[in-house]
Structure formats: C-alpha cells, structure tokens
Amino acid sequence: MTETLRARAEIDLAALRANVRSLRAHAPGAAFMAVVKADAYGHGMVPCARAAVDAGATWVGTATPEEALALRAAGIGGRVMCWLWTPGGPWREGVEADLDMSVSGMWALREVVSAARDAGRTARIQLKADTGLGRNGCMPADWPELVSQARQAEAEGLVRVTGIWSHFACADEPGDPSIAAQLTLFREMVAAAEERGIRPEVRHIANSPGTLTLPETHFDLVRPGIAMYGISPVPQVGTPEDFGLRPVMTLSASLALVKHAPGGHGVSYGHQYVTPGETTLGLVPLGYGDGIPRHASGTGPVLVGGKLRKVAGRVAMDQFVVDLGGDEPAVGSEAVLFGPGDRGEPTAEDWARASGTIAYEIVTRIGSRVPRVHVNERPDD
C-alpha cells in the first residue's frame with residue numbers, strides 16, 4: 001500500500017537540469033556556479049547540487065561553510081565555494097576539504113592563513129569587494145591592505161587567491177543607477193588587485209537577474225540562485241517561461257476534512273472570515289509551522305478540484321481552511337498551493353503577491369515537516 005503524505009513538496013530535477021542549461025545559454029562565455037544555499041532555496045541541497053552538476057555546472061556555491069562541508073560529505077566533488085564566515089569558523093576543515101572560501105576582511109584572512117599553516121596545505125580563497133551593497137565584502141578604503149596581505153600570504157604558499165567577486169544591490173531593478181556604479185567600482189577594484197600581482201581564476205558579480213538581463217556583468221563566472229529553481233528574479237520584466245525556465249517545486253497537501261457549514265459560520269482564529277451562506281469547507285493540513293505565510297490569510301490561492309480557492313480566514317500554525325462553495329471533493333483530495341502553473345494551479349509568484357513578499361521567500365521557507373519528493377533524478381539521456 002502506497003503511503004499517502006499529509007503534504008509534499010515535489011521537486012522536478014529534470015526541470016532543474018533544463019533550467020541550468022537555459023541559464024548557461026544566457027551566459028555562454030562564463031563558467032556556471034549553481035547556488036544551493038539554504039537547502040537549495042528549500043528544494044533539497046544535495047539532490048539539486050548533483051542535478052546541476054549533471055547539467056553542466058562547474059561550481060557549486062553555498063552561504064555557510066557547514067553547507068559546503070555537507071556537500072563534500074555527500075560526495076560532491078569539484079569546486080565548492082562558501083562565503084558567510086564568522087570568527088572561529090571551520091577554516092581548517094574548509095582548507096582540508098578544498099573549499100574556495102570567501103574573505104571580506106583582515107580578520108578572515110588571518111584566520112584562514114592560520115588554518116592553512118595548521119593543515120600544512122594551501123588554502124583557496126576569494127576576495128569579496130563591497131562595491132555598494134553594504135553587506136559582506138571589503139570596503140574600497142580597506143581593499144589595498146587586504147589585497148596586499150593576501151598577496152603576501154600567496155607568496156608564502158599559504159593561500160591561492162582563486163577569485164575576486166562582489167554582489168549587486170539592485171540587479172532586479174533594471175536601469176537602477178547603482179548597477180552601473182557597482183560595475184564600474186568592481187572593475188576598478190579588480191584592476192587594483194591585479195596591479196598588485198593577484199591573478200584570479202574567476203571574477204564574478206552576476207546573480208540571477210544579472211545572468212538573465214545584464215550580459216556585461218558575466219565576466220568569468222555567473223552565480224544563478226533562484227532562477228535555477230525556475231522562478232523569475234525580475235517578475236516585472238518576464239515570467240519564468242519568458243526566460244526559458246520552469247518552476248521546480250510543486251507544493252500540495254491532502255484535504256484532511258470536508259464538511260458542511262451554515263451561513264454566518266466563523267472560520268479560524270478571530271473569525272476574520274464568516275461564511276456568506278451555506279457552503280462546504282476544506283481543511284488543508286499546512287500552516288505557518290510549515291512555512292505557509294500567515295500574511296496570506298484571506299488571500300493565498302489554492303487549487304482544489306480544478307477550481308481556484310482562497311485561504312478562508314487566518315492561516316494557523318498547522319492548518320488553514322478553504323471555502324469550497326458547496327463542492328464536495330473527497331477527503332484526501334489534492335490541494336495544490338503552487339507549482340509550474342500547467343494545471344491552472346497558482347505559482348510561487350502568486351503566493352508572493354498574496355503575501356506581500358518575494359517568491360524567493362515562499363519556496364525557501366517551506367519547512368522540514370514537508371517531505372521533499374525528488375522526481376526525475378536520472379539525468380536526461
């Protein structure tokens with residue numbers, strides 16, 4: 001007997017591989033880094049990393065070193081980069097695992113140099129420049145010291161500077177003047193490093209929107225994240241289909257209850273929704289404990305029985321209700337919250353609009369109580 005799941009996030013790895021190929025075609029002269037941070041934006045880090053490599057990704061990127069080390073433990077070879085370090089991080093483990101480790105300041109350079117000495121191996125590092133995002137990265141005023149000290153460590157055989165990189169603040173806002181300003185500063189900071197003898201293998205700044213809409217930003221490598229999972233990083237410019245992408249995740253659940261309710265019946269906490277007349281209510285066993293946004297109370301779209309419904313009342317921790325309008329699907333019938341849209345179901349972008357957020361957050365926040373069911377794991381022949 002096949003187990004019926006309360007809910008499932010089906011991850012179509014064939015779609016992911018196709019997305020990687022499509023994105024590579026947008027940047028044919030650049031290497032491709034598959035960004036799989038945050039459990040591959042909620043899609044399952046290891047299966048997605050393997051699928052991306054199968055489709056031609058030559059680098060894999062994570063935020064934290066723990067994520068990168070988990071990829072190594074799972075047998076992911078090749079180039080793996082991680083960038084979100086804190087003091088006392090697992091630098092030596094990173095050196096021994098042949099990770100490419102990002103350095104944004106002198107404290108990090110000192111720690112990675114110490115780890116390289118202890119390990120008796122050369123550490124691979126990439127210098128991150130803050131070209132205007134104001135988050136991680138070395139400020140231009142501090143860049144000469146960081147570059148000089150990195151070059152000295154390189155001369156001693158302790159590190160190899162494999163890359164120089166940065167990140168955009170507004171690449172998802174076409175025409176924003178900060179894009180050109182950051183690009184100019186990036187070129188200047190790269191040139192300054194090269195003048196001091198740094199010879200990076202890769203220079204990179206292009207994220208998903210940069211990969212799709214800013215060819216002048218591609219340099220030696222592009223780093224698509226959300227686009228790899230089939231979500232448009234610039235929905236105001238184009239849909240996933242417009243960019244040759246297909247959403248990878250389909251989130252669904254089995255109706256836990258279908259019942260008749262009279263008119264005037266309050267639904268969920270606070271009775272923000274009251275049935276306008278005699279109707280049927282369906283109980284969807286997903287809630288904000290599973291990552292369903294409470295901000296989508298009253299607005300989140302769901303496909304049940306071939307018809308679009310909306311969340312009736314508040315999203316609770318474990319469940320929410322839809323008004324079925326008198327329809328009587330069987331208990332256990334499928335409720336589809338989002339997917340590619342082929343069957344008329346909502347998309348993650350629809351949920352983002354309903355919640356006042358971005359589609360990145362919708363897929364990434366789906367919690368661990370929802371099993372990921374990876375399909376089409378075998379590479380295309």
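At-a-glance table
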{"item": "Sequence-distant lysines (8 or more away, or on other chains) whose Cα lies within less than 23 Å of K310", "result": "K259"}
{"item": "For the stretch 37-42, 3J(HN,Hα) per residue [Karplus equation, 6.51 cos²θ - 1.76 cosθ + 1.60, θ = phi - 60°, Hz, x = Gly/Pro]", "result": "5, 6, 6, 6, 6, x"}
{"item": "Average accessible surface area per residue within the chain, 1.4 Å rolling probe, Å²", "result": "42 Å²"}
{"item": "Accessible surface of the chain [probe 1.4 Å, protein heavy atoms]: carbon and sulfur percent", "result": "50 percent"}
{"item": "Semi-axis lengths, Å, the chain, gyration tensor of Cα atoms, sqrt of 5 times eigenvalues", "result": "45, 21, 19"}
{"item": "Long-range amide H partners of M139 with built H, under 5 Å", "result": "D130"}
{"item": "The stretch 273-354: GluC sites (Glu not before Pro) in DSSP coil with no more than 13 other Cβ atoms inside 10 Å", "result": "E278"}
{"item": "Calculated P(r) tail over 21 Å for the stretch 1-97, as whole % of Cα pairs", "result": "39 percent"}
{"item": "Gaussian network model of the chain, Cα within-10 Å springs - most flexible of G305, G44, G163", "result": "G305"}
{"item": "Between the stretch 282-301 and the stretch 194-245, the Cα center-to-center distance that results, in Å", "result": "32 Å"}
{"item": "Candidates P177, P346, P247, ranked by Gaussian network fluctuation over the chain, Cα under 10 Å, top entry", "result": "P177"}
{"item": "At most 13 other Cβ within 10 Å, DSSP loop - chymotrypsin sites (Phe, Trp or Tyr not before Pro), the stretch 147-217", "result": "none"}
{"item": "Long-range HN-HN contacts of S333 with modeled amide H, under 5 Å", "result": "L255"}
{"item": "J(HN,Hα) series, the stretch 316-329, from Karplus relation 6.51 cos²θ - 1.76 cosθ + 1.60, nearest Hz, glycine and proline x", "result": "9, 4, 10, 6, 8, 10, 10, 7, 8, x, x, 5, 10, x"}
{"item": "From phi via Karplus (6.51, -1.76, 1.60), per-residue ³J(HN,Hα) for the stretch 51-56 in Hz, x at Gly/Pro", "result": "5, 5, 5, 4, 8, x"}
{"item": "The stretch 85-132: trypsin sites (Lys or Arg not before Pro) in DSSP loop, at most 15 other beta carbons within 10 Å", "result": "R121"}
{"item": "Amide H within-cut-off set for A123, under 5 Å, with H built and near neighbours excluded", "result": "V159, R160"}
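The values are calculated or read from the model by the stated rules, or taken from the named source; none is laboratory data. None of the values given here were measured: they were computed from a predicted structure. Please note: Cβ atoms are built from the backbone with ideal geometry, for glycine as well, and neighbour counts cover all protein chains shown. Surface areas here come from the heavy atoms of the whole protein model, side chains and all, with no ligands, DNA or RNA. Shrake-Rupley method; radii C 1.70, N 1.55, O 1.52, S 1.80 Å.
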